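> Input: one structure, supplied below.
The values are calculated or read from the model by the stated rules, or taken from the named source; none is laboratory data. Since the model is a prediction, treat every value here as computed from it, not as a measurement. Cβ atoms come from the backbone with ideal geometry, glycine included; neighbour counts cover every protein chain shown. When the accessible area is computed, the model is the full protein with side chains, heavy atoms only, and any ligands, DNA or RNA have been set aside. Shrake-Rupley method; radii C 1.70, N 1.55, O 1.52, S 1.80 Å.
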Amino acid sequence: MSAQVSAKPAKHLLHRDTVFRWRGNSTSIFPKLFATAFVSGAFALLLTTVNIQVPSVAKTTGRKASVIFPINDDEGRALALRAQEGGPFPSRFELSAWQGTAEIEANSMRQAVFQPPPYVPELRELTPENEVVAIPLASKGAAFFPDRKSAPPEPPDAARLKPAPSLQALSGITAAGLPHNLPVFETAVDSAMAGAAWRFLLRLNAGGSVIDCVSLEKGTEAGSAELEAWLRRATFAPDPTKPSRWIAVGVSFSNQAADGTDTH
């Protein structure tokens, strides 16, 4: 009995002298978690739904102005000049508005342009010379013109001349590609055939021989068939790179010696 009584005061002293509560309460943690979740949800709801707009105060300026028109006198001009120079955009000196600018520019241009000194020729004394030469005259009884050492060539006999055709390059060929030796044209040439302007369209092969011959005239002139037959016997400069080519030539007549000699 005495042992139980002595033990109680010791337990009471232990609780009274302890500064901190080293043993926690046995309450549940779920109420704290619920309170934290509720506060967080309410804060998120307010953050997403509540929109606070602070209106900006527009600065208003008064729509008033005063305009002063000074009188065009000494005082008015002085006030206008004073207002212009004292404002935020003072006037500046414009060189083009100055009256002496034109005179300075004219003087500068006169100085810049080269002015050569006047030319003064140097005079020289010329000795007098007798430039009149005596005209030599033939003596009496002597021939004035010199003797001819050789007689002039005799003119060709018209009976020995015969009109012969010649070719001119018109298109598709040069003068160097024309035949050097033309065949003999045995048909008699009259004045109508010799005076006509003949043009022919020829088709050549690679060797220069005439395959086709077409007259570019009306086709009713006399001698067209004879000239076509004569052109088919001509041989032009060969061109191995072109197996078939078209050219245009002209035919004219000139007097040549019947024996083949040169009449010029």
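> Heavy atoms only, 1.4 Å probe, whole protein assembly: order ARG245, ARG203, ARG63, ARG232 by accessible area, highest first.
Ranked list, largest accessible area first: ARG63, ARG232, ARG203, ARG245.
> Sticking with this structure for a sec: Could you please report the charge total around PRO243, scoring K, R as +1 and D, E as -1 over all other residues with beta-carbon less than 15 angstrom from its beta-carbon?
+1
> Decide, for the range 35-124, between rounded, prolate and oblate: order the square roots of the alpha carbon gyration tensor eigenvalues as a ≥ b ≥ c, take rounded if a/c falls under 1.5, and otherwise choose prolate if a/b is larger than b/c, else oblate.
Oblate shape, in that a/c is at least 1.5 and b/c is the bigger or equal ratio.
> How big is Rg to Rh over the range 184-244, alpha-carbon atoms, Rh as the Kirkwood inverse-mean-distance radius?
Dividing the radius of gyration by the Kirkwood radius yields 1.03.
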